[in-house]
Amino acid sequence: MIKGERVTLRRLRDDDWPRLEAWAEDPEALWGPFQRFQLETARALKDAYDKTGLFTRESGLLMVEPAGGGEPVGVVRYTLHPLIDPDMPTPEIGFVIADRSARGKGYAKEAASLLVGYVFSRFPTHRVSAFTDIENTPAQHLLESLGFQREGVLRRSMFRGGTWSDAVIYGILRSERGA
Ligand SMILES: CC(C)(COP(=O)(O)OP(=O)(O)OC[C@H]1O[C@@H](n2cnc3c(N)ncnc32)[C@H](O)[C@@H]1OP(=O)(O)O)[C@@H](O)C(=O)NCCC(=O)NCCS
């Protein structure tokens with residue numbers, strides 16, 4: 001469990017599944033307008049949860065809960081990504097506040113920040129990456145407000161809404177984070 005001022009990150013539990021399935025089946029919850037809605041995600045996640053608890057060295061999914069108590073509002077995740085060299089994967093993160101009534105309260109920003117801190121403490125990496133759709137202004141504001149730098153555009157690399165769109169790659173270095 002990782003505790004912040006506004007949110008707590010914790011591992012998934014069996015009783016999270018009805019909520020997670022509902023989020024995964026709602027295009028506006030787990031995905032939002034800038035990510036491709038993926039129908040089979042709930043099933044794939046459940047299979048992985050049954051095998052690994054969705055928390056391994058290679059990847060992890062954590063629930064985001066308001067620190068003062070209450071129902072979970074979203075998830076954060078990390079994946080070791082073979083960005084350049086498959087033998088030297090680097091962590092990449094993602095974040096979603098699936099409960100739309102909980103957006104705009106600073107939950108995602110603190111959850112992502114706690115995750116970045118965790119990743120730097122766990123892995124001997126110099127950087128943490130994040131990808132976002134080029135039109136995903138909320139995610140880009142969040143990353144930039146955490147000190148991530150916009151490093152480049154991966155043209156026509158994300159498929160959503162029947163078309164290919166550009167993605168932006170962001171990164172933050174251990175030295176920039178002071179970790
Ligand atoms: C992106 C998302 C996680 C932001 O969650 P949130 O809890 O509303 O974000 P926060 O309240 O923590 O805000 C973080 C920062 O982003 C900014 N921000 C949030 N929503 C914004 C919006 N719609 N437009 C512009 N900036 C926005 C906030 O102002 C804040 O910046 P600040 O600290 O400089 O004031 C949420 O909109 C979401 O879940 N979207 C769908 C899934 C998704 O796209 N995930 C990202 C994939 S890369």
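The values are calculated or read from the model by the stated rules, or taken from the named source; none is laboratory data. In this text the structure is predicted, and so the values were computed from the model without any measurement. Cβ placement follows ideal geometry from the backbone for every residue including glycine, while neighbour counts extend to all protein chains displayed.
Regarding Leu83, is this residue out of contact with any Pro (no Cβ under 9 Å at 6 or more places or on another chain) and not small (Gly, Ala, Ser)?
Working: out of contact with any Pro (no Cβ under 9 Å at 6 or more places or on another chain): no; not small (Gly, Ala, Ser): yes.
Judged against the criteria, Leu83 is not a match.
Take region 114-137 and flag every residue that is in contact (Cβ under 8 Å) with a residue 40 or more places away in the chain and either of a type in the set (S, T, N, Q) or in contact with a Gly (Cβ under 8 Å, 6 or more places away or on another chain) (or both). Lay out the reasoning, then the answer.
First, the residues of region 114-137 that are in contact (Cβ under 8 Å) with a residue 40 or more places away in the chain: 114-121, 123, 125-130, 132-133, 135-136.
Hits for region 114-137 are Leu114, Ser121, Thr125, Arg127, Val128, Ser129, Ala130, Thr132, Asn136.
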If we ask which residues in region 74-89 are under 20 Å from Ile169 (Cβ atoms) and modelled with pLDDT of 95 or more, their number turns out to be 5
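Restricting attention to region 139-166, report how many residues are more than 9 Å from the ligand (Cβ to nearest atom), among the small types (Gly, Ala, Ser) and buried (at least 17 other Cβ atoms within 10 Å of the Cβ).
Residues of region 139-166 more than 9 Å from the ligand (Cβ to nearest atom): 147-166.
When the remaining residues are screened for being among the small types (Gly, Ala, Ser), the result is 147, 152, 157, 161-162, 165.
If we keep only those that are buried (at least 17 other Cβ atoms within 10 Å of the Cβ) as well, we get 165.
Within region 139-166, residues that are more than 9 Å from the ligand (Cβ to nearest atom), among the small types (Gly, Ala, Ser) and buried (at least 17 other Cβ atoms within 10 Å of the Cβ) number 1.
Please work out if Ala111 is touching a residue at least 60 places away in the same chain (Cβ under 8 Å), among the small types (Gly, Ala, Ser) and surrounded by fewer than 16 Cβ atoms within 10 Å (Cβ to Cβ).
The answer is no for Ala111.
Confirm whether Val116 is β-branched (Val, Ile, Thr), crowded, with 17+ Cβ neighbours inside 10 Å, closer than 20 Å to Leu54 by Cβ and within 9 Å of the ligand (Cβ to nearest atom).
no
Restricting to region 62-85, give me the number of residues that are within 16 Å of Val128 (Cα to Cα), in contact (Cβ under 8 Å) with a residue 12 or more places away in the chain and of a type outside the set (D, E, K, R). Steps first, answer last, please.
Step one: filter region 62-85 for residues within 16 Å of Val128 (Cα to Cα), giving 76-85.
Now narrow it down to the ones that are in contact (Cβ under 8 Å) with a residue 12 or more places away in the chain: 76-81, 83.
From what is left, the residues that are of a type outside the set (D, E, K, R) are 76, 78-81, 83.
Of the residues in region 62-85, 6 are within 16 Å of Val128 (Cα to Cα), in contact (Cβ under 8 Å) with a residue 12 or more places away in the chain and of a type outside the set (D, E, K, R).
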Asp50 - would you say it is in contact with a helix residue (DSSP H, G or I) (Cβ under 8 Å, 6 or more places away or on another chain) and not aromatic (Phe, Trp, Tyr)? no
Selection over region 118-157 where residues are closer than 14 Å to Gly60 by Cβ and out of contact with any helix residue (DSSP H, G or I) (no Cβ under 6 Å at 6 or more places or on another chain) yields a count of 5
